[in-house]
Every structure is written in C-alpha cells, then in structure tokens.
Amino acid sequence: MSCSICTYIYSFTGIAVFLYLLKRWIRRGEYNKPTLIDNKIVVITGANTGIGKETAIDLARRGGKIYIACRDRSRGENALVDIRRESGSDKVYFLQLDLASLKSIRDFSKKFHQLESKLDILINNAGIMACPKLSTEDGFEMQIGVNHLGHFLLTNLLLDLLKSAAPSRIVNVSSKAHVRGEIYRDDFMLDRSYAPVKSYAQSKLANILFTRKLANVLAGTKVTANSCHPGIVTTELARHIPKILQILMNTVFKTFLKTPVEGAQTQIRLAVDPDLETTTGRYFYDCEEHEPARLARDDDTAEWLWNKSAQLVRL
C-alpha cells in the first residue's frame, strides 16, 4: 500500500473519530434514574411538540398526572392522543393556554384551580424564537411576551397550589442564547431597535433572572425554581429562522443536534431527581449545574425585571 493511500486512510479515520466524539459531546446529558412520581400533578406548557411533548411522555411513564397546556386546541388534542399511547398512561389531560394572552392565562389558572388543589411540578417549556416583530394580544413584543411575561404571570397565579404541594418544583426553560442577552430597561419592548435574535436573547436572559428572583421570593416555602438550557435541538422552535439554515439543520448538521428526547433530559432531571429537592435558583444544561452569564447573576436587574413584569401583567 502506498504512503499516499495510508495518509488518506489515517486522515479519514482521524476525521471520522473527531466527528464521532464531537457528536457524543454535543448530544451528552441523560437522566437515567428510574424515579417515580406517582400521584404528582404536573403542568407542562407547550407540550404538544418537541421537548415539551417528550417530557410529558417521560413523566407520564413515571406515574405523574400530566396536564399539557397548549395554545392550539387541535394540535393539543392530537398530542394528547400520542402522549397517552406512547406513555401507556391515561392520566394525561389537555388544557388550552395561550401565553400571548393575559386573559387566557388567567382563564387557565381559574380552570386549573377548579380541577386541582395542588401542583407538584410546573415546567415553563413553551417558547417562540427569532420571529418577526409581532405583538401579543395585550400589546407586548411577542418574544418577551410569550417567553417571559406569560410564564411570569402563569407561575405567580399557580404559586398557591405549588405551596400546597411543597416540596414542589418550578422549571423554567431558558437557552444558552442568554449569554448574548441584555435587559433593555429603556426599550423593554424593543420598539426602537427590534431584531429577532436580540429579542430572543433578552427573553432567555429574562427567564434566568426571573428564576433567580423567584427562588429568593420562595425561600423557606420548599418550592424550588431552577432554569435550564436544553441544548441545540431539532424542534419546531427554529421555524422562524432563515430557510437555508433550517435546511442545513435538517440535513448536514442534523446528526450533531440533539433529538427532542435528548433535549428533554435536563428539564426531566430538574423536575424529578430526588437529589435536587432542595436545589433552587440554579442554571443547568446537559443535566449538570453550570454558572450562567454575568448579567444573569445581576440581582439589581432581577429585581427591576420582577417589578416591571408585575406592573405590565397587572399582577
């Protein structure tokens, strides 16, 4: 065999090994414990697709009573059939919830209070990413409105039920995109400077700051609040990014992206791991705790955001 052929084989093998290891590194993080949550009541927003749906399937298999809270009734009811079939559990229910409407959030809370006297796990999973400039029903910029303000109001309206179930847990799904975020106090709705990624990063930073402040507010109640980055996952969340990037994500890069099952692992761990029962105010990805960006640890900004959010949603 000639030296040139040997060199080619060694180079190809080296590249293949590197790509395999890169894939394993990107798609790492798995919750393997057979933790059961029999009789625990769970609410998951945006659970009709992606990591929310996979989380619902997993927690239903663990014995939880699951409520999937979704905007679109038809898609929610179709997902309900899938989740019941794949989990083997009939303790899964659909309730309509539009996080872009304060009225819908309050209606959901009222209905849920009529159905249940406690809530063990709240997973604020729903989100929108990098969409064009849009407004919610109440006039909020869409990404900060859905990703942060909607979940801020929902969580606060359900706190009494979470306290009734204590020890209980709140999981807020953020993103690594928070490292590029900033809370624009003078232009919170980005009316003067909107850009899709800029807005998304602000909303994901808001998720972590909200979690940080919420953990302090709930100190001593045995209700914990943690946030997480699920990883780069092949889900419908990317539907607003440029088409060429969607094509690349679904073809060339797909093998390096997490599946929805893999992306759900961190929030599943935060929701059920007995070792995390008293852990609160922390940020996780790949099923492990990590330190978020500097701005995500700013207590002054967290305080401002809480007060501003309470004012906007008329809490």
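Since every read-out is calculated from the coordinates, none of them should be taken as a lab result. From a predicted model like this one, the values you see are computed outputs, not experimental measurements. A quick note on method: Cβ atoms are made from the backbone with ideal geometry, for glycine too, and the neighbour counts reach across all protein chains shown.
The label-point distance for N216 and K103, in a model that sets each label 7 Å from Cα toward Cβ, rounds to 3.6 nm. Approximating the spin labels as points 7 Å out from Cα along Cα→Cβ, the K110-to-A195 distance works out to 4.2 nm. With a cut-off of 14 Å between beta carbons, the residues surrounding K33 carry a summed charge of -2, where Lys and Arg count +1 and Asp and Glu -1. Which shape class applies to the stretch 89-183: rounded if a/c is under 1.5, otherwise prolate when a/b exceeds b/c and oblate if not, where a ≥ b ≥ c are the square roots of the Cα gyration tensor eigenvalues? Prolate, because a/c is 1.5 or more and a/b exceeds b/c. The order of S87, S74, going from fewest to most other C-beta atoms within 10 Å of their C-beta, is S74, S87. The alpha-carbon of K103 sits under 20 angstrom from the alpha-carbons of these lysines, leaving out residues fewer than 8 places away in its chain: K111, K308. Neighbour counts of C-beta atoms inside 10 Å place K163, K204 in the sequence K163, K204, starting with the fewest.
Taking a straight line from the alpha carbon of K133, these lysines sit under 16 Å away, with near neighbours fewer than eight places off in the same chain left out: K198.
Taking every C-alpha pair closer than 8 Å and separated by at least 6 residues, the mean separation divided by the residue count of the stretch 38-312 gives a relative contact order of 19 percent. Rounded to whole numbers, the Karplus 3J(HN,Hα) couplings from phi for the stretch 215-220 are 4, 5, 4, 8, 4, x Hz, using 6.51 cos²θ - 1.76 cosθ + 1.60 with θ = phi - 60°, and x at Gly and Pro.
Relative to the present Cα-Cα distance, how much length would full extension add between N32 and A310 at 0.36 nm per residue of separation? Between N32 and A310, full extension yields 96.3 nm more. FRET efficiency for the pair D90 and D273, taken as 1/(1 + (r/R0)^6) with r the Cβ-Cβ distance and R0 = 30 Å, rounds to 0.70.
Extension gain for the segment D298 to N39, taken as residue separation times 0.36 nm less the Cα-Cα distance, is 89.5 nm to one decimal.
Among S199, S104, sorting on how many other beta-carbon atoms sit within 10 Å of each Cβ, with the fewest leading, yields S104, S199.
In straight-distance terms, cross-link reach from K110 covers every one of the lysines whose alpha-carbon lies under 21 Å from its own, apart from those fewer than eight places away in the same chain; here that gives K40, K65, K91, K118, K163. Rounded, prolate or oblate: which fits the stretch 38-312, taking a ≥ b ≥ c as square roots of the Cα gyration tensor eigenvalues, rounded meaning a/c under 1.5, else prolate when a/b beats b/c? Rounded.
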